[in-house]
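Asker: Below is the structure I would like to discuss, written out as structure tokens.
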Amino acid sequence: MDIRQVIGRATKEGIKHYGDSAAEKFYSFLQNREFKIPKCQSCGVIQFPPRRFCPLCYSENLVWVDVPKSGRIYSFTNQKRALRFTYPDVIGFVEIEGVGRILTKIEGEDLKIGDKVELDFVEVDGGIILHKFVKRK
Ligand SMILES: [Zn+2]
């Protein structure tokens with residue numbers, strides 16, 4: 001089995017066995033190429049990764065909001081091998097105004113801390129769509 005197939009299968013099984021309703025909803029939005037995360041209607045906290053309740057005030061009164069489509073690279077690394085990633089994939093944190101730092105796949109040449117990156121999507125084996133951020137030229 002090719003490593004990409006392993007990644008797709010691991011992601012699918014992970015959602016099924018370890019995910020909750022927030023994870024299922026998060027991935028179903030991604031299937032439609034929408035990157036949404038929950039925002040607490042009680043205290044305003046935006047959370048990533050998504051949870052079924054607010055980590056600050058424990059309210060379950062959440063609404064799903066679009067993640068802004070651009071941000072800046074906060075940190076990154078070349079990942080030799082990890083769940084969902086294979087060399088020479090780059091993973092890192094992208095700082096998004098009003099949201100915070102999001103762990104994500106990052107693509108582009110000559111990446112530097114502070115570079116502007118834009119939201120895009122990648123389909124992995126198994127038909128799963130994941131978010132990524134790309135540095136455009
Ligand atoms: Zn809250």
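Asker: Across segment 1-46, what is the number of residues that are aromatic (Phe, Trp, Tyr), in a loop (DSSP other than H, G, I, E, B) and loosely packed, with under 12 Cβ neighbours inside 10 Å? Walk me through how you get there before you give the answer.
Answerer: The first filter runs over segment 1-46 and keeps only residues aromatic (Phe, Trp, Tyr), leaving 18, 26-27, 29, 35.
Applying the additional criterion that residues be in a loop (DSSP other than H, G, I, E, B) yields 35.
After this cut, where a residue has to be loosely packed, with under 12 Cβ neighbours inside 10 Å as well, the list is none.
Within segment 1-46, residues that are aromatic (Phe, Trp, Tyr), in a loop (DSSP other than H, G, I, E, B) and loosely packed, with under 12 Cβ neighbours inside 10 Å number 0.
Asker: Being at pLDDT below 95 and of a type in the set (Lys, Arg) is the filter; apply it to segment 72-100 and report the residue that is farthest from TYR27 (Cα to Cα).
Answerer: Looking at the filtered set, the residue picked out is LYS80.
Asker: Is there any pair linking a residue in segment 94-119 that is surrounded by fewer than 11 Cβ atoms within 10 Å (Cβ to Cβ) to one that is not in a strand (DSSP E or B), with Cβ under 9 Å and at least six apart or on different chains, and which?
Answerer: Listed by first residue and then by second, the contacts come to GLU97/PRO68; GLY98/PRO68; GLU109/LYS135; GLU109/LYS137; ASP110/LYS135; LYS112/LYS135.
Asker: Of everything in segment 102-120, what is at pLDDT below 95 and among the basic types (Lys, Arg)? Give them in sequence order.
Answerer: LYS105, the sole residue that qualifies.
Table: residues versus (1) touching an Asp or Glu at 6+ places or on another chain (Cβ under 7 Å); (2) more than 23 Å from ARG9 (Cβ to Cβ); (3) of a type outside the set (A, V, I, L, M).
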{"position": "ARG52", "(1), (2), (3)": "yes, yes, yes"}
{"position": "VAL63", "(1), (2), (3)": "no, yes, no"}
{"position": "LYS105", "(1), (2), (3)": "yes, no, yes"}
{"position": "ILE128", "(1), (2), (3)": "no, no, no"}
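Asker: Of the residues that sit in segment 41-71 and are more than 15 Å from LYS132 (Cβ to Cβ) and of a type in the set (D, E, K, R), which one is farthest from the ligand (Cβ to nearest atom)?
Answerer: ASP66
The values are calculated or read from the model by the stated rules, or taken from the named source; none is laboratory data. Since the model is a prediction, treat every value here as computed from it, not as a measurement. Glycine also receives a Cβ, built like all others from the backbone with ideal geometry; neighbour counts cover every protein chain displayed.
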